[in-house]
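A quick write-up on the structure given underneath.
A short reminder: the numbers here are calculations on the coordinates, not readings from a lab. Quick caveat: nothing in here was measured; it's all calculated off a predicted structure. As a convention, Cβ positions derive from the backbone with ideal geometry for all residues, glycine included, and neighbour counts pool all protein chains shown.
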């Protein structure tokens with residue numbers, strides 16, 4: 001059974017493939033800037049919408065600005081804990 005965190009990670013990797021960004025990242029690769037994947041504001045808005053559609057919530061709409069894939073995955077792990 002897939003967890004929300006796994007679903008989020010898979011959605012992000014698919015988004016990166018589709019937008020021709022590298023999907024060869026680890027959990028600590030920076031999402032923004034030249035030293036990371038290089039997401040810009042439009043990419044971030046699209047990623048936010050994808051996560052919202054797939055999972056019903058996303059860290060960006062919650063007022064967070066995750067810097068790595070790990071921070072996004074942690075948002076969904078924390079979300080699961082708070083729902084229990």
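Summary of values
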quantity	calculated
Extension reserve of the residue 22-residue 6 stretch, reckoned as 0.36 nm per residue once the Cα distance is removed	3.9 nm
The chain: radius of gyration over Cα atoms, expressed as a fraction of 2.2 N^0.38 Å	1.01
Percent RCO, i.e. relative contact order, over the chain, from Cα pairs under 8 Å lying at least 6 residues apart	38 percent
Among 52-60, 26-34, the order from most to least packed when residues are scored by Cβ within 10 Å on average	52-60, 26-34
The chain: calculated mean residue ellipticity at 222 nm from DSSP helix runs of at least 4, using -39500 (n - 2.57)	-17500 deg cm²/dmol
Efficiency of FRET from Cβ geometry, residue 29 and residue 64, R₀ 22 Å, rounded to 0.05	0.80
